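Let me begin by presenting the structure, written as structure tokens, before commenting on it.
We did not get these values from a lab; they are worked out from the coordinates using the rules stated. Being a predicted model, the structure only gives us computed values, none of them experimental. Note: ideal-geometry Cβ built from the backbone for every residue, glycine included; neighbour counts use all protein chains shown.
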Amino acid sequence: MSLHLRCLYTQSLALVVTLLLFTATSGDGDGDAVENITAVLGHSVTFRCPSKHSTSVEGLYIQRVKNDKEEDFINGFYIGRVLNVLPEYRDRTKVNVTELSMEMRNISVSDEGLYKCVVFINNKAEISKILLKVTAEYSVPTITKDCNKPGDGGAGKSCQLSCSAVGGYPQSTVRWTGLNQSLTNVIYNRSSADNESKTWTINQTIVHNCNQPTNISCAVGGSVSHTITICETESFPFVVIVAIAVVLVFVLLLVFVVVMKCCFRGPQRGTQEHTHTYTHTELSGDTKLHELLVTLQIFIKNLNVFCISLFHR
């Protein structure tokens, strides 16, 4: 074997031994155990790195794991060294040396992922993993209804219902409460993420075939809409009620006119001496009756105009 090949073999063997020693001294923290923590979008979260020793540590590295291989240094410390922190983390991360923790502020969706804590004690590295999950509450869902009547293009009454919510994370779905799923058909379902904030907008529209009055609501994530009532039974139309009232008023006025006419005529007189007085009384009664009829005609005309305008609303 040539001298050059021997050198390469020796260097390779030394590298393998070094990696084995580092793995052996890194402790059990680099196993499969992962601590899960949750942060709210725009708020703060604290990464706490566990240590099995009570002695003071030499250093702490918190790293971001990308693509299961690449690691970005987020923040930390090492005694006697100055560590360079990336600009995107410099102003929103703070390390607590005593508690072996790091606070990260103004959490965004892009911060979600796997992190690694490396604690250095007596030239040994204790490694633990932390999985950060980000959540954002959806807005209160907007729920709308558009119900048709029996015979309006279909055999029975149905309602088109829509539910939408914005600004949430992670992606969620619409959940309906109070509906019979066998009578429901989804006609539109769309979810879209904002390019900048990565938060989601959820929309869904369904058609529900009515069988009885129902109180319903919809939910997206942990947000719930207000309750609405669909498939109500048809109440007696207001227009019909008004028309009946108008007819009753007309009948009452007609009865009133007949009664007044009989009262104004008075009893028939048979003697000649009362002829002049009777004629005067009859003429006076006819004049008042005529005025009453004119007033009644005006009133009926106004009622007709009112009814026509009411039916054309």
### Query
With labels modelled as points extended 7 Å from the Cα through the Cβ direction, what inter-label distance (nm, one decimal) is found for Ser182 paired with Lys52?
5.9
### Query
How do the peptides 160-167, 92-99 rank, highest first, by the average count of neighbouring beta carbon atoms within 10 Å per residue?
160-167, 92-99
### Query
Taking the highest mean first, how do the peptides 169-177, 57-65 order by number of other beta carbon atoms within 10 angstrom per residue?
57-65, 169-177
### Length gained when the stretch Asn67-Val97 is fully extended (0.36 nm per residue, less Cα-Cα span)
7.9 nm
### Query
Residue-wise, which Karplus ³J(HN,Hα) couplings in Hz belong to region 199-208, taking 6.51 cos²θ - 1.76 cosθ + 1.60, θ = phi - 60°, and x for glycine or proline?
7, 10, 10, 10, 9, 8, 10, 10, 10, 10
### Query
Taking only C-alpha pairs under 8 Å that are 6+ residues apart, what is the relative contact order of region 142-230 in percent?
33
### Message
List residues of region 156-180, by number, whose backbone nitrogen lies under 15 Å from a label position 7 Å along Cα→C-beta of Asn211.
### Response
156-159, 178-180
### Task
Determine the relative contact order of region 26-135: mean sequence separation of Cα pairs under 8 Å and six or more apart, normalised by residue count, in whole percent.
42
## Note on the structure
Quick shape check on region 142-230: root eigenvalues a ≥ b ≥ c of the Cα gyration tensor, a/c under 1.5 is rounded, otherwise prolate if a/b tops b/c, else oblate, and it reads prolate
